[in-house]
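Everything below concerns the one structure shown next.
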Amino acid sequence: MLRFLPRLGPVPPFPHRLFSAPAAVSGFPLLFLLVCATVLGGCDRPGPSQDSVGEVVTGTRESSGSTHEELASFFREWREFQAPTWVDGVPDYSVEAMEAQHRELADWQARLAAFDTTGWSVTEQIDVHIIRAEMNGLDFDHRVALPWERNPAFYMMIFTAQSDVPAHEGPVIHGWIDTWTYDYPLSPEDAAELATRVGVIPSLLEHARGNLVGDARDLWRAGISSMQGQIRDLTSYAGRVAGTSADLDQALADATQATEEFLAWLEEELPTKNGPSGVGIENHNWYLKNVHLVPYTWTELIGIHRRELARSLAALKLEEHRNRNLPLQARITSAAEYDRLFNQAVDDYVAFLVDNEIISDRPYLAPSLRERIGSFQPVESPDDLRGFFSEVSYRDPLTMRTHGHHWFDLAMMADHPHPSPIRATPTLYNIWDSRAEGMATGMEEWMMNAGLFDDNPRSRELIYILVAQRAARGISGLLLHANEFTMDEAVEFAAKWTPRGYMPEDSGTVWGEQFFYLQQPYYGASYLGGKHQIEEFMAERADDLGEAYTMKGLMDEIEASGLIPMSLIRWEITGRDDQIKAMAGR
């Protein structure tokens, strides 16, 4: 037994035809007693009841419509409602505004439940479940997460780089500013628009002081870290666009000053924050089945991650033994070497995928990866670390091209959007994580097993290091939400069990990841949890198709369903809705 790992019992078996919602591990002692509503934002308030596959019971229902076109129109209205109202140019997250939104949410849930879906195809029914999951996500925010009350990082506004997933990772405030979406040098029109949008930040942060009444210590610490990052980003961006517009220059200066003052306030208030930050196991389980539509419980996810950590560490030692007479991999040491090897890795990886009929050839494959290879980052000393993922990539750039499947997904959404406007729009609350992160993480080890590193056996070691790191940080994130770990303990655990010291306790990677996973339940476990779901689906699909099964055919099927939960993808492809039903009745 690995030290610090709780004794949670064995990983539940997943035999064929039992790939739907595995039974919970029995005899598991409760790790967490729900604290009072003032601490966890209303944990005593029950979730909505259910009477069929995820159907919210809200009372008398009158039909809202009976066609998919009417559902699409309803979806657009729902998204408008989900956004807060704006007062004096600032999104209103006051207690009064949020209580009013939560009261009205029940009416929207009733309207959705009233749709007459008689005769609808599975594809059309799935879109109903997507909207229902989003509504449940908003309900969870109001009952439990309360990011506007408990999470200072929620008030971050500036984002300077594109995420590799369909939308921002974690909770994000309405009105956020993606500076990477603008063309540079800025046009006068764009500069004026940005000056107006950035100009909101001082007022927003003033409102935030009144809204942030929660007592969640580690979330408060995450807010301090996030605001330090916003100051750096504002300062850097101000230098980039300096002189473009006097109004924009002033807006950025004012926003920087306001963020500095807000940061000082957060630091002053930190000693008064002593409450837990996790949502608790019971709430986490509700979130899994009602929002992310994941057919596992918190306990099962801990078991999966515990098994993955042990498996990857054992496999790493076997690989090291096998390769004991081979030289260790050296890190890239120059910009010229970086450019050559990273570009070659893109070419080699795309050729491997296409030549081995793993995915269908698309014109965007190589360009979408090449645009994100970045540039060489020097270090002061050869012993310095650049960050966990760089420690892997700088030894073999091919390794992390596999995780770049994210960029294929985003290019697919841009070039070939799903015909349903509901699926063509990124889902709220990171509901896509089991599919997006599970697929990208799975491609690392799957491609290794398909032969990608046959000529570079030391790179197999890097893949197992990646698996171990995901398992360790996933366990930490789950235990944070069970309030079994403090942030310091989560960081210590994730750093300790990441091999070779690639992610030390004082690294920005380990702190940033754990802060993020605390803000977004399940996300830290979605990498291996989603991979586990996809692997179950692979095995099931292979049994269904027999000799007709191909990897490219499977990947085409998954791609065609869009970036939605794997449980819904499985239903669409196989016609089996047992996972959805099991989650509704669990």
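At-a-glance table
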item	result
First in the stretch 329-346 and at pLDDT 95 or above, second anywhere and of a type in the set (Asp, Glu), Cβ under 7 Å, 6 or more apart	329/396
Positions within the stretch 459-496 being within 15 Å of residue 391 (Cβ to Cβ), over 19 Å from the mean Cα position of the chain (by Cα) and polar (S, T, N, Q), in sequence order	459
Residues (surrounded by fewer than 24 Cβ atoms within 10 Å (Cβ to Cβ), in a loop (DSSP other than H, G, I, E, B) and among the polar types (S, T, N, Q)) located in the stretch 478-537	483, 486, 507, 520
Residues located in the stretch 459-477, provided they are in contact with a Gly (Cβ under 9 Å, 6 or more places away or on another chain) and either under 21 Å from residue 536 (Cβ atoms) or surrounded by fewer than 21 Cβ atoms within 10 Å (Cβ to Cβ) (or both)	470, 474, 475
One residue from 240, 221, 209 being among the basic types (Lys, Arg), buried (at least 17 other Cβ atoms within 10 Å of the Cβ) and over 30 Å from residue 405 (Cα atoms)	221
Pair list, Cβ under 7 Å, 6 or more apart: the stretch 290-302 residue in a loop (DSSP other than H, G, I, E, B), other residue crowded, with 24+ Cβ neighbours inside 10 Å and of a type in the set (D, E, K, R)	292/433
Candidates 573, 564, 558, filtered to the one that is in the same structural domain as residue 430 (by TED's automatic domain parsing), outside any helix (DSSP H, G or I) and modelled with pLDDT of 95 or more	564
Those residues of the stretch 228-248 which are touching a residue at least 40 places away in the same chain (Cβ under 8 Å) and in a loop (DSSP other than H, G, I, E, B), in sequence order	244, 245
Qualifying residue in the stretch 211-227 (condition: over 26 Å from the mean Cα position of the chain (by Cα) and assigned to a helix (DSSP H, G or I))	no
Positions within the stretch 411-426 being within 18 Å of residue 124 (Cβ to Cβ), touching a helix residue (DSSP H, G or I) at 6+ places or on another chain (Cβ under 6 Å) and buried (at least 17 other Cβ atoms within 10 Å of the Cβ), in sequence order	418, 420, 422
Test: residue 218 is in contact (Cβ under 8 Å) with a residue 12 or more places away in the chain, closer than 16 Å to residue 255 by Cβ, outside the structural domain of residue 490 (by TED's automatic domain parsing) and of a type in the set (Asp, Glu)	no
Residue within the stretch 377-387 that is crowded, with 19+ Cβ neighbours inside 10 Å and either assigned by TED's automatic domain parsing to the domain that holds residue 522 or of a type outside the set (A, V, I, L, M) (or both) present	no
Out of 245, 277, sole residue that is under 25 Å from residue 208 (Cβ atoms) and modelled with pLDDT of 95 or more	277
Qualifying positions in the stretch 562-584 - in contact (Cβ under 8 Å) with a residue 60 or more places away in the chain and surrounded by fewer than 20 Cβ atoms within 10 Å (Cβ to Cβ)	575, 576, 578, 581, 582, 584
Qualifying residue in the stretch 319-327 (condition: surrounded by 15 or more Cβ atoms within 10 Å (Cβ to Cβ) and under 29 Å from residue 488 (Cβ atoms))	no
Filtered residues of the stretch 144-169 (kept if more than 23 Å from residue 206 (Cβ to Cβ) and in contact with a helix residue (DSSP H, G or I) (Cβ under 8 Å, 6 or more places away or on another chain))	144, 160, 161, 162, 164, 165, 166, 167, 169
Residues being assigned to a strand (DSSP E or B) and buried (at least 21 other Cβ atoms within 10 Å of the Cβ) - total across the stretch 136-176	1
The listed residue being surrounded by fewer than 16 Cβ atoms within 10 Å (Cβ to Cβ), farther than 30 Å from residue 506 by Cβ, of a type in the set (Gly, Ala, Ser) and touching a residue at least 40 places away in the same chain (Cβ under 8 Å), out of 360, 368	360
The stretch 433-458: number of residues that are surrounded by fewer than 24 Cβ atoms within 10 Å (Cβ to Cβ) and over 26 Å from the mean Cα position of the chain (by Cα)	8
Checklist (1) under 27 Å from the mean Cα position of the chain (by Cα); (2) modelled with pLDDT of 95 or more; (3) assigned to a loop (DSSP other than H, G, I, E, B) applied to residue 184, failing item	(1)
Single residue of the stretch 102-135 satisfying the filter (over 20 Å from residue 66 (Cβ atoms) and small (Gly, Ala, Ser)) that is surrounded by the most Cβ atoms within 10 Å (Cβ to Cβ)	133
So residue 196, is it polar (S, T, N, Q), surrounded by 16 or more Cβ atoms within 10 Å (Cβ to Cβ), farther than 30 Å from residue 66 by Cβ and in the same structural domain as residue 212 (by TED's automatic domain parsing)	no
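The values are calculated or read from the model by the stated rules, or taken from the named source; none is laboratory data. Note that this is a predicted model, so its numbers are computed, not measured. Please note: Cβ atoms are built from the backbone with ideal geometry, for glycine as well, and neighbour counts cover all protein chains shown.
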